[in-house]
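Engineer: I am attaching a structure below and will ask some questions about it afterwards.
Read the figures in this text as sums done on the coordinates, not as results from a lab. Bear in mind the structure is a predicted one, so any value in this text is a computation, not a measurement. We place every Cβ from the backbone using ideal geometry, glycine too, and count neighbours over all the protein chains shown.
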Amino acid sequence: MVDKYAVIGNPIAHSKSPLIHADFAQQTAQAMTYEAILAPVDSFDATVKELMASDYKGLNVTVPFKFEAYKICDSLSVRAQSSGAGAVNTLINSHGKIHGDNTDGAGLRRDIELNLGFAIEGKEVLILGAGGAAHGVLNSLAGAKQITVANRNLDKALQLAASITNGSACAFDALDKPYDLIINATSAGLTDSMLPISDAIFSKNTLAYDMMYGRETPFMAQARRNGAQVADGLGMLVEQAAEAFYLWRGVRPNTKPVMDKIRALAT
């Protein structure tokens, strides 16, 4: 019996998820298939229900459907409920009922701590952006000394920061000191846009982490010029996939060879 899984999005042709999960399945000897499915922007609900009725065991959800996925779930994991994002990226077919989870935060933390060797505990953290990406990973930063949320729209930053006990907020132009960990959760890299942030936020002890992957963003270039350690979000992509794989199959794959393979394909 071969179990069926898929990732749903629009667009979806660019997704690395089929490659990632095929490698995971091979290394862990799992009898499963995994495909990319393009869902019409106005038919996500119907597409998911059709797939679940066709005995798909689980689905990953990507842009622009994570918020819709949250709404159609019959049950939610603790972390999906507590993220405050109202978004899920992993669906599990539980005897015909849809259970939702969000593995983005776990993927981010595992990449930062295990792959990059950077301990979050006790650190000063800055999150750039206050949208869905920032919401989805905020609770994964537990143990940080202080978490500052900076955003163009200060009200959104204040709202997000108020959801945690060690949060504070400010506008981009108010940033004037270095941080231990800076996470770019904005979409500025998609358009190669510079963020209106000071060089003063970076130091040689800073890890500057962009949730984008696949190319050098202006944020990464600015951080590098100012002596910071720089990382993109490829590790987060693979680690969040590994977390979903673990939820579905009960086995945790080795992520390093998969990350190395995707890096090699991109060069």
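Engineer: What does the charge add up to near SER198, with Lys and Arg as +1, Asp and Glu as -1, over the other residues with Cβ less than 13 Å from its Cβ?
Structural biologist: -1
Engineer: Moving on to the next point. Using a simple charge model, +1 on the beta-carbon of Lys and Arg, -1 on the beta-carbon of Asp and Glu, nothing else, what dipole does the chain show about its Cα centre, in debye to the nearest 20?
Structural biologist: Taking the Cα centre of the chain as origin, the dipole is about 340 debye.
Engineer: Still on this structure, I have one more. Quick check: the distance between the Cα centres of the stretch 10-49 and the stretch 220-267, to the nearest angstrom?
Structural biologist: Each part reduced to its Cα centre gives a spacing of 18 Å.
Engineer: List, in order, the whole-Hz ³J(HN,Hα) value for each residue of the stretch 30-44 obtained from phi through the Karplus relation with A = 6.51, B = -1.76, C = 1.60 and θ = phi - 60°; use x for Gly and Pro.
Structural biologist: Rounded to whole hertz, the list is 9, 8, 7, 10, 8, 10, 9, 10, 8, 9, x, 4, 9, 9, 4.
Engineer: Among the lysines, which have Cα under 26 Å from the Cα of LYS97 when same-chain residues fewer than 8 positions away are ignored?
Structural biologist: LYS4, LYS49, LYS57, LYS66, LYS71
Engineer: Could you sort 122-133, 214-225 so that the peptide with the highest average Cβ count within 10 Å comes first and the rest follow in order?
Structural biologist: Output ranking for 122-133, 214-225: 122-133, 214-225.
Engineer: Of TYR5, LEU160, MET259, which is farthest towards the positive pole of the chain's charge dipole, taken about the Cα centre with +1 and -1 on the beta-carbons of Lys, Arg and Asp, Glu respectively?
Structural biologist: MET259
Engineer: Report, by chain and number, residues whose modeled amide H sits under 5 Å from the one on GLY58, excluding near sequence neighbours (fewer than 5 apart, same chain).
Structural biologist: The list, which skips near neighbours in sequence, is ALA6, ASN93.
Engineer: Related question: If amide hydrogens are placed 1.01 Å from N in the peptide plane, which non-local residues have theirs closer than 5 Å to the one on ASP3?
Structural biologist: MET32, THR33
Engineer: Along the positive direction of the dipole of the stretch 64-194 (beta-carbon charges: Lys, Arg +1; Asp, Glu -1; about the Cα centre), which of ALA142, PRO64, ILE92 reaches farthest?
Structural biologist: Sorting the options by dipole projection puts first ILE92.
Engineer: While we're here: Hey, got the dipole for the stretch 157-267? About the Cα centre, +1 on K and R Cβ, -1 on D and E Cβ, debye to the nearest 20?
Structural biologist: The calculated dipole for the stretch 157-267 is roughly 420 debye.
Engineer: Let me ask something else. Highest mean first, what order results for 46-57, 230-241 on Cβ atoms within 10 Å?
Structural biologist: Per-residue mean Cβ counts within 10 Å order the peptides as 230-241, 46-57.
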